[in-house]
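Below is one structure, written out as structure tokens, with a few remarks after it.
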Amino acid sequence: MTREKPKIAFYWCASCGGCEEAVVDVAEQILDVVAAADIVFWPVALDFKRSDVEQMPDGSILATFLNGAIRTSEQEEMAGLLRRKSKYLVAFGSCSHLGGIPGLANFFTRESILQAVYFDAPTTENPDRVMPGLPLNDRHGELTLPYFSDRVRSLDQVVEVDYYVPGCPPQPKIVTRAVLTLLGEHPPTKGSVLAPDEALCTECPRKDSKPDKIALKAFRRPQEIQIDETQCLLAQGLLCLGPATRAGCEARCVEGNMPCTGCCGAPGRVREQGAKALSAIASLIDSQDESEIDQILATIPDPAGTFYRYSLPASLIHNKRGV
Amino acid sequence: MPDGTMPVQKISRQSAGKANDPYPGRRVTIDPVTRLEGHGKIEVFLDDAGEVDRAYFQVPELRGFEKFVQGRPVEEMPQITSRICGVCPTAHHMAATKALDAVYHVTPPETAKKIREIVYSAFMVEDHSLHFYYLGGPDFVLGPDAPAAQRNILGVIEAVGIENAKKVISMRRRLRNLITLVGGKPVHPVFGLPGGVAKRFTVEMQSQFQAVAEDAVAFATFTLDLFDDIVLNNRAYLDLITGDDYSHRTFCMGMVDDANRVNFYDGQIRVVTPEGKEWKKFKANDYASVIAEHVEPWSYAKFCYLKPLGWKGFTDGDDTSIYSVAPLARLNAADGMATPLAQKEYERFFAKLGGKPVHHTLANHWARLIELLYAAERMRELAADSQLLEPEYRTLPTATPTEGVGVVEAPRGTLIHHYQTDEHGLVQRANLIVATQNNAARIAMSVDKAAKGLIHRGEVPAGVLNKIEMAFRAYDPCNACATHALPGSMPLVLTVRNRQGQLLASLTRNSDGHILKCIQ
């Protein structure tokens, strides 16, 4: 008796290509898995088109792994289409999960971005103030560019998402485990992030060097100190977001002797990664005096861009602002 | 955009290559173009006689890195800007790190420079191999007229044999593991800091780099032999490379060391004229007096040109202000290679192709392999250097941060990062001149020229797409980089319109090389 192979799909929206590299990096490890499944859509590698997907019965793809944030209407349409066709829609990587680093663009208006790139850049010579993307009125009026929209969104701000694979990019072990889990008999609870639900500190190779109580009079930037290669980075005063970040990557950046910047998002019980990171960091301040506390906080140069490095589009503060 | 009510006809490259029009007389509608943001897009306009009026190469996406890095701590730039491109993150990481040295007025110790350069060499070997075997090489290994379904990495594997294919895959994995050892991870590494690197280089790392470097040199030599056998010994291919359809006389730019030899990590930027004479040699700091960017309304990518000459339009020859970057341009802009095996190949290259400079775009493929060999040899040299292991791998900056420029040669050309900060080291302004962007004007010309040479009397022969693709594939263009946008690889749409703007035909290529052809 032959059982029909499960179907899986990969798709990319606003991403850098690093998530595709991440999939290729694990390709050798998951060959068996791939042999057990049919890849029915993977624009970077296979010639299946949107029309092929449209012709599939709704829900016929077991799992679609979608990376990249959403910035254009076309990306939104593709997200909707793949949502309908897939039993599980998986947000793959930080941009799809939380908005990612390109989501920092949401600090700025669309107009100010275009102004900076096409008018103000020091090497740009644009005396006629030409702006790409506006309709052309010459005889080549059909020449158009897609509209550069107002903001970056995470996938679940556009369609319902079943699972999340975190990381920038997701590390090979996380990817392998996620694919195996979804192909297995017991799918996890809907809405799960497919990585350990604990803080990165629990799997950090330096966890034994983390003091029970860290008390800091100032935060340090990496260029200010010789970074010890064995000691807890937080204890050295660096803004390591390990306490507010989900485990699973095996502390890759710490292995590089640099602090965690939070790409895997927060553990499950935390709604707002930036707020959690801020409170985790603030709790390390060794002072009761308000003005001294202010002084210590002032040693954090860019709180919003640091604590919301990957999660600005998905954050509550951002959405409250309604930008 | 069509309404999708008519049947969609999909054809593989194989059938596309068989006849001029595989579906004579049938109306076929466009499959609504997917992933347009990620597409390179070519629009060809025909005049009333059906000849090409002009072909446009469009890049339809933008992310705005220069703007949203404002306010970020400048030391985060190596990690933030690596997100411009997941295919060449190490290049952005390194250009940013060197810009940080300048912003903080700090000189890294020799040990740090060597650690950076050995990682960078490993990255160059990996990236150049990726292009040859996965992207550009199939056109030659299998031939431009090979059935399209075979003209991809799988076809290459078949042609070179599974044992050799395993070499390619294993070399990629081992090189990425080396980057991981130093940088934490191969995609978006974290090792760059102003004044040095984040961690010490160990004896264990050194022995791993030595082992891989030795194999990398052998791998590069093997790849050049393969190129010899398949391409250089084939008269038809050689004619293709040296043919006029794929040639442009432009300036060339590349970084060189003190002896004017190609260098990826450090040196001055040298520009040579279309005749091959030195026109300018400048330090990174002076880039803004040499390079300017022109804006066209039909592409989000800006077009670089030589500022002192002014923008003269998309024109090559004697009155051009356009320059070219990437492997061929680097070889033209330099006087030689700094390692012995690569130098031999360099000499053979120019002897075989009729002397310096070479303006045949397709010669980029050979030039890339010579650079692959250089990067592997350089990696081997550095891996043998005991200075890597010294404890001084960082100089802590003490000066107030101000402004700085960092430059490296990325696989796809000269890459410049320029930051201005306030006294706290927060970015106030950033300017990025990215590899593919330097080539954008020349790529636009190549596409236009190829279209003009291939489309006549309104007919779009089925093979036209691959021939046009070959015109820009040789540059290994990365539109993620060109617009600081996305994504790294490049599917393609070609549409042909008449003078009234009416759609005559459309061809779509996915990044695996499959074509979807639609005739209105």
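Structure above, values below:
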read-out: Matching residues in the range A:214-249 - criterion: being buried (at least 17 other Cβ atoms within 10 Å of the Cβ), basic (Lys, Arg) and not in a loop (DSSP other than H, G, I, E, B); value: A:Arg246
read-out: Odd one out for B:Gly86 among (1) buried (at least 24 other Cβ atoms within 10 Å of the Cβ); (2) assigned to a helix (DSSP H, G or I); (3) in contact with a Pro (Cβ under 9 Å, 6 or more places away or on another chain); value: (2)
read-out: Set A:Ile281, A:Ile285: member being farther than 22 Å from A:Pro172 by Cα, surrounded by 22 or more Cβ atoms within 10 Å (Cβ to Cβ) and more than 17 Å from the chain's Cα centre (by Cα); value: A:Ile281
read-out: Per-region count, the range B:218-273, residues in contact (Cβ under 8 Å) with a residue 12 or more places away in the chain, part of a helix (DSSP H, G or I) and of a type in the set (A, V, I, L, M); value: 8
read-out: Filter result (at the interface with chain A (Cβ under 8 Å from one of its Cβ atoms), over 29 Å from B:Val447 (Cα atoms) and of a type in the set (A, V, I, L, M)) within the range B:70-96; value: B:Ile80
read-out: Residue check, A:Gln157 in the same structural domain as A:Glu54 (by TED's automatic domain parsing) and over 24 Å from B:Phe65 (Cα atoms); value: no
read-out: Wholly enclosed helices (runs of 4 or more DSSP H) of the range A:58-124 bearing at least 1 residues free of Cβ contacts under 8 Å to residues at least 40 places away in the same chain and surrounded by fewer than 22 Cβ atoms within 10 Å (Cβ to Cβ); value: A:73-85, A:110-115
read-out: Candidates A:Glu203, A:Glu160, filtered to the one that is free of Cβ contacts under 8 Å to residues at least 60 places away in the same chain and either closer than 30 Å to B:Ile42 by Cβ or of a type in the set (Asp, Glu) (or both); value: A:Glu203
read-out: Enumerated helices (runs of 4 or more DSSP H) restricted to the range A:250-303, each holding at least 1 residues that are away from chain B (no Cβ under 14 Å), free of Cβ contacts under 8 Å to residues at least 24 places away in the same chain and of a type in the set (A, V, I, L, M, F, W, C); value: A:273-282, A:290-297
read-out: Number of the condition not met by B:Ile80 [criteria: (1) free of Cβ contacts under 8 Å to residues at least 24 places away in the same chain; (2) assigned by TED's automatic domain parsing to the domain that holds B:Ile468]; value: (2)
read-out: Failed criterion for B:Leu372 (all others in (1) over 30 Å from B:Gly317 (Cα atoms); (2) touching a Ser or Thr at 6+ places or on another chain (Cβ under 8 Å); (3) in contact (Cβ under 8 Å) with a residue 40 or more places away in the chain hold); value: (1)
read-out: Single residue of B:Tyr305, B:Tyr265 found to be within 20 Å of the chain's Cα centre (by Cα), aromatic (Phe, Trp, Tyr) and under 30 Å from B:Arg176 (Cα atoms); value: B:Tyr265
read-out: Meets criteria (touching a helix residue (DSSP H, G or I) at 6+ places or on another chain (Cβ under 8 Å), within 27 Å of B:Tyr287 (Cβ to Cβ), charged (D, E, K, R) and surrounded by fewer than 24 Cβ atoms within 10 Å (Cβ to Cβ)) for B:Glu409; value: no
read-out: Extreme residue, farthest from B:Ala441 (Cα to Cα), among residues of the range B:286-320 that are more than 12 Å from chain A (Cβ to nearest Cβ) and in contact (Cβ under 8 Å) with a residue 40 or more places away in the chain; value: B:Asp318
read-out: Hits in the range A:197-209 (condition: surrounded by fewer than 18 Cβ atoms within 10 Å (Cβ to Cβ) and more than 24 Å from A:Val159 (Cα to Cα)); value: A:Glu198, A:Thr202, A:Glu203, A:Pro205, A:Lys207, A:Asp208, A:Ser209
read-out: The listed residue being at pLDDT below 95 and away from every other protein chain (no Cβ under 14 Å), out of B:Phe209, B:Phe140; value: B:Phe140
read-out: Single condition B:Ala301 does not satisfy, out of (1) over 28 Å from B:Thr242 (Cβ atoms); (2) outside any loop (DSSP other than H, G, I, E, B); value: (2)
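The values are calculated or read from the model by the stated rules, or taken from the named source; none is laboratory data. Model, not experiment: these values are computed from the prediction. For neighbour counting, all protein chains shown are included, and Cβ atoms are generated from backbone atoms with ideal geometry for every residue, glycine included.
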